[in-house]
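Data first, discussion second: the structure below is written as structure tokens.
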Amino acid sequence: MAWASLRDGRKVLLSLALGKRESHSDWLEFLRDMIRRGLRIPLTVTSDGAPGLIRAIEETFSKSLRIRCWVHKMENLSSKVPPALWPEIKAEIPVRDAATYQTGKELALRFIQRHKKEHPSLVASFSEDLEALFSHLKLP
């Protein structure tokens, strides 16, 4: 499924299709179909961390800024620590709301340094696709 967020705030369903799996070839065909039907290159593309989808986006929309979906990322991160610790750790993940791109990068590096020894799987998951996680901060 692909949605567009328009400049006036409206959301528009661009495409809905059945796929056999979340493979690169399925996603590539999905994205190319939207282009064949008139979709122009978007300013940004937001996705989860599925490798096949990321690769298809990079091939199809190489000029678009790819943004990592925070909802999916937070779900991934919450599974890496005991439930009792999650609220405290979640509050320490301020990257999404950083004032600038540079500040976001600095906050992310501090978070990694703080938790790498005690929660290595959390840090590994957080570090995965990190650039796309705060690329939204490059936008006005």
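Computed quantities for the displayed model
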item: Gain on full stretching of the segment that runs from Asp8 to Leu85 - 0.36 nm per residue minus C-alpha separation; result: 23.8 nm
item: Contour minus Cα-Cα distance for Lys138 and Glu118 (0.36 nm per residue); result: 4.1 nm
item: With Cα atoms, 0 to 90° folded angle of helix 101-115 axis to the chain main axis; result: 50 degrees
item: Gap separating the Cα centres of the stretch 1-61 and the stretch 103-118, nearest whole Å; result: 31 Å
item: Rounded tilt (10° steps) of 24-36 against the dominant C-alpha axis of the chain; result: 50 degrees
item: Above-threshold pairs, the threshold being 28 Å between Cα atoms, out of Lys20/Lys138; Lys63/Lys90; Lys11/Lys73; result: Lys20/Lys138; Lys63/Lys90
item: Acute angle (nearest 10 degrees) that the helix 51-60 long axis makes with the longest principal axis of the chain, alpha-carbon atoms; result: 50 degrees
item: Distance in nm between pseudo-label sites at Ser15 and Lys105 (7 Å out along the Cβ direction from Cα); result: 3.3 nm
item: 10 Å Cβ shell holding at most 11 others, DSSP loop, trypsin sites (Lys or Arg not before Pro): longest site-free stretch of the chain; result: 64-116
item: Residue order, fewest to most surrounding Cβ atoms within 10 angstrom, among Ser79, Ser125; result: Ser79, Ser125
item: For the stretch 28-68: rounded, prolate or oblate by the Cα gyration tensor [a/c cutoff 1.5]; result: oblate
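No lab work stands behind these numbers, since they all come straight from the coordinates. Everything quoted here is computed from the prediction, not taken from an experiment. All Cβ positions, even for glycine, are placed from backbone atoms using ideal geometry, and neighbour counts span all protein chains on display.
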